[in-house]
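What follows is a short report on a single structure.
Nothing in this text is a laboratory measurement; each read-out follows from the coordinates by a stated rule. In this text the structure is predicted, and so the values were computed from the model without any measurement. A quick note on method: Cβ atoms are made from the backbone with ideal geometry, for glycine too, and the neighbour counts reach across all protein chains shown.
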C-alpha cells in the first residue's frame, strides 16, 4: 500500500499539484453550499470526495459498487465560495471485491489562479456489488 502523498502534504502554503495521481473531478462550490461561517460545508466536500473517489474503482467494478468505508478524512483548510477545487485520486489497494482509494483535494482561489493549497485528503473503500447488493469479485484485467 502506498502512503506517499503530494509534494505539499505538510505545507500550509501554496504548492504544486501532484503529477503521479489522476485528476478525476473539478468543481466550484457556490453560495448554497456554505455553512453559517461562510465556509463550504464539510459534508458537501465529503460528498464531492466520495464522487471523485469512485471514478477509479468504477474501471475495475464494471458494474454496481458502493462506498463501504471512509477510512480517513482530514480537513486541512477551509474551502471558500468560488474556489476551484481539483480532486486527484490514486488506487492504494485492490482486493477480491474491494478497492481502496486515496483522494487529495486542492483549492485554487478564483482571484489567485495557479496557486494551489491542499484542503482535504481522504481514504475510502468501495466494493463491487451484484443486483442484490451483495459483494461480488472485481473484474480485474490481467493484461
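Things worth noting here:
- Remark: relative contact order (the chain) = 29 percent; criterion is Cα-Cα distance under 8 angstrom and separation of 6 or more residues.
- Principal axis extents of the C-alpha atoms in the range 22-61 (largest first, rounded to whole Å): 40, 15, 13.
- The range 87-143: mean projected area of Cα convex hull, nm²: 6.0
- Sorted by Cβ neighbour density within 10 Å, fewest at the top, the residues 19, 99: 19, 99
- Angle in degrees between helix 42-53 and the longest Cα principal axis of the chain, rounded to the nearest 10: 50
- Among 58, 16, 32, the largest mean-square fluctuation in a Gaussian network model of the chain (Cα springs under 10 Å) belongs to 32.
- Annotation: Cα Rg of the chain relative to the compact-globule expectation 2.2 N^0.38 Å equals 1.10.
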